[in-house]
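Asker: Structure provided below as structure tokens; questions to follow.
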Amino acid sequence: MTPGEEHTPDPWSDAVLAAALFALDPVGTGGVRLRAPAGPVRERWLDLLREALPPDSPWRRVPLNAPPDRLLGGLDLAATLQAGRPVAERGILRDADGGVVILGMAERIEPSVAALVACVLDSGELALERDGLSRRDPTRFGVVALDEGMVDDERPPAALLDRLAFHVELGGIGPRDTAGVQPSPAAIDSARRRLASVTVSDEILETLCSAAQVLGIGSLRAPLQALHAARASAALAARPGVDAEDAALAARLVLAPRATQIPSESSEEEAPRPDPAQGSDRDSERGDGDAESAEERVLAAVKAALSNGLLEEIRPADRGRAGSARTRGSGARRTSVRRGAPRGARAGDPRSGARLDVVETLRAAAPWQRLRRAPARSAGGGARRLAVRREDFRVVRFADRTETTAIFIVDASGSTALQRLAEAKGAIELLLSDCYVRRDRVALVAFRGRNAEVLLEPTRSLARARRHLAGLPGGGGTPLAAGLDAGLALADGVLRRGGTPLLVLLTDGRANVARDGTGGRERAAQDALASAREVRARGLGTLLVDTAPRPQASARRLAETMGGLYRALPHADAATLREAVRGAVEPNSAALDAV
Amino acid sequence: MPHVFPFSAILGQDEMKLALLIAAIDPGVGGVLVFGDRGTGKSTAVRALAQLLPPMRVVAGCPFHCDPDSEHGRCDECRESPRARSRRMPVPVVDLPLGATEDRVVGALDLERALGEGVKAFEPGLLARANRGFLYVDEVNLLEDHLVDLLLDVAASGENVVEREGLSVRHPARFVLIGSGNPEEGELRPQLLDRFGLAVEVTTPQDLAVRVEVVRQRDTFDRDPAAFATRWKRRDGRLRRRIVAARDRLDAVQVDEDVRERIARLCMALGTDGLRGELVMVRAARAVAAFEGDAAVKDAHLYQVALPALRHRLRRNPLDESGSTTRVERALAEVFGE
């Protein structure tokens, strides 16, 4: 451990520093994820960034889920009609070449839009293949993703986050905390010119890479971005080469926010260190006092940043390393109310509210131009204008498939004998593979003992579903009401995002723990029925699978109260159970396939 | 044209590089799927492949770049009135960007000529450009379903049939489909999975020394792409010559009966559906043998290709924790172990 020499960094000055480093090298660092609510603090930060950028550099705001033709460019309709030949219109991204793109409400952005931006960031050029146009233009910019996510679940798609070096949190900062010094635009400008000549030693490079590894960051983009940030920092300090201080800063700003595990003492020891001979290098490199190696400084900086309230962002290794914690967000976004995927065009009248498909309309009109022009000319009309008639109108067809999310609520109490639990697990597994083929999502709630637990938020990752299911222990009381409530909360979330929830409840219906966690069969049953009425009020598709050895009246009554299907499984094996569940799911999801 | 990171400078990721080379040597192997973590150089490798491939001879002026030396798979026009002149062009590696519209993919009415001259002419799309080359779809799992269906259909038939806006066109579209993506963003439909000849899984390197070297190289490249490309030019050239030599040798590589039998036993042990697994494995092993200069397919070659050729063809229990990679490895040990 290092002595507490690394003071806890002030979040605002870190944010300002990140803005300066990003402005120095927008393309190299990729961008900033700015997690902050809309407000004066965020505006202040954006103003600072804007000042730090070269005065004439483009600054383009992209509204949430701008259609691809606005992002990439497409056919300019007015000019096309005027000219009588296709005229391309530049998209927002192309306009931003050499500057900064601001993505509004990035936490709600569709993964496909994020992938578009990511592709341009990666290749440094904009490939346009649409509306009969085909071109590629060099396009380089940095991205500021405005992330207004309130809960951890709401975050920009991982594909985008991976490409942005800085993750800045302005959450706890009030407008009064935003005073302080920042590098002047002139200083940044001269640093920008120094940037290309800044050198990086092998030791620094290794330090950043090993720091990323110790922190459990898999992507190799992270250390690369940290390297760019460190170089920018050295340029800002007018140093000829990157030193330990720059590396520590880069680690704090770039690596720490992505950490998926805490650098424990042991892993620090295990981390391959540069050979002992490095001791002499260190002395020759920086003689001023501290006898720490770059590596120690970097880790100390990261730890200081981590202890500074970021610890709750750290996931246990198994969730974070695979990035699955991040996935939840992108998976969920996909279901946000959408119009569906365009599925071609059909003849129709756009005035009925349908979206006009401009290119298809032009295509439909094009073959007739010569014929239509002839009478117009003889009548003395203008010859160059495009004659589009009503029968040419084409409107976009959407396939609007809302996703089904099957929420399994599993009774894991002692009364559900262990064997039945195993059967229930088997049935769910089989059903999960059906969901996989249909690309539905699943969620898992289990209740036992005193309360219910959401084992799995809605997800498409069925491997995770299985893992959670396999690890589900049994035994304890039956808090049926709590289970239903938890399932209901999930269902509400699915509804809010425009999906269709489906509740599958596996229980024997014999509740004995009330909502407040106290025992007592009577109150427990009352509470369960109350929750069931809530389910009915939502009008959700519901199936209750009675797992008791003999059909239970209480379970049947519960199913009736919920307005759902009831299946008793006296001697059911997993396969029969599966058929029953499928019967409940299938008509429901088939109805959703409306085109 | 921006400089591309050279293929031979890519560190590690041997399975991915091998799969891409196999597809370059024998396009008939049927497409490569690269799935894996973020920041592992998936796109880099595919784009580098484009630089690596030797130029091919095409009929001059043919929009589908037909092969002047072969009758097979020519477009209608080249078949009816063979043109004498030919030219060389780099093997096309066509990027299918997300957000591409269907008309650009299959081709459509030429708007310019239709509006300007009132002529009904066909403007070839990306599929035409990719003929005899590669079609690369990054984030293939995010591509809209109707486009994926269309790609599969064309890739399987080798022909693009366009019926729209009063146009009726068919032209050859034989290409190697290369898809890459991250399974976290959404899984690929099983139907699509099976159509790829080879499937590769990439993970981030865990060895610190390798990681340092990757970052260092990338940084060097970013700072001066031109100089970096020049430094690796000779190695890329050597690799290119090996590919050319392997293509020439390909037909002569022997596949003995007992090798075929072992492949069949391996596929039976794994319970793969259909015969595609066997066919792909034979082709891929032959390509590897040709690449390594061997006259016949040996067990070592089978070992190299078994995973990419079979791991995505197992009757999938998507929930099986033990992963298809392990299952293939286990079966390999059983069949070849004795």
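Each value in this text was obtained by applying a stated rule to the coordinates, not by laboratory testing. As the structure is a computational prediction, the values presented were derived from the model and not from experiment. Positions of Cβ are generated from backbone atoms using ideal geometry, with glycine treated the same way; all protein chains shown enter the neighbour counts.
Asker: In the neighborhood of A:Ala532, defined by Cβ-to-Cβ distances under 10 Å, what is the net charge if each Lys or Arg adds +1 and each Asp or Glu adds -1? If you can, show how the numbers build up before the last one.
Answerer: Working: positive: A:Arg533, A:Arg536, A:Arg557; negative: A:Asp527, A:Glu534, A:Glu560.
Counting the neighbours of A:Ala532, the net charge comes to 0.
Asker: Oh, and also: Could you tell me how far the Cα centroid of the range B:130-175 sits from the Cα centroid of the range B:1-42, in Å?
Answerer: 22 Å
Asker: Further question on the same structure: Quick one: which of A:166-172, A:202-208 comes out on top by average Cβ neighbours within 10 Å, and what's the full order, highest first?
Answerer: With the highest mean Cβ count within 10 Å placed first, the list reads A:202-208, A:166-172.
Asker: Which Rg and Dmax, in Å, describe the Cα atoms of chain B?
Answerer: In order Rg, Dmax, the Cα atoms of chain B give 20.9, 72 Å.
Asker: Right, next: Roughly how crowded by other chains is peptide A:464-475, in terms of the mean Cβ count from those chains within 10 Å of each of its Cβ atoms?
Answerer: Partner Cβ neighbours, averaged per residue: 1.
Asker: Among the GluC sites (Glu not before Pro) in the range B:10-112, which ones are in a DSSP loop with at most 15 other Cβ atoms within 10 Å of the Cβ? Mind listing them?
Answerer: On the way: sites: B:Glu15, B:Glu71, B:Glu77, B:Glu80, B:Glu102, B:Glu112; in loops: B:Glu71.
Those that pass, being in a loop and sparsely packed, are B:Glu71.
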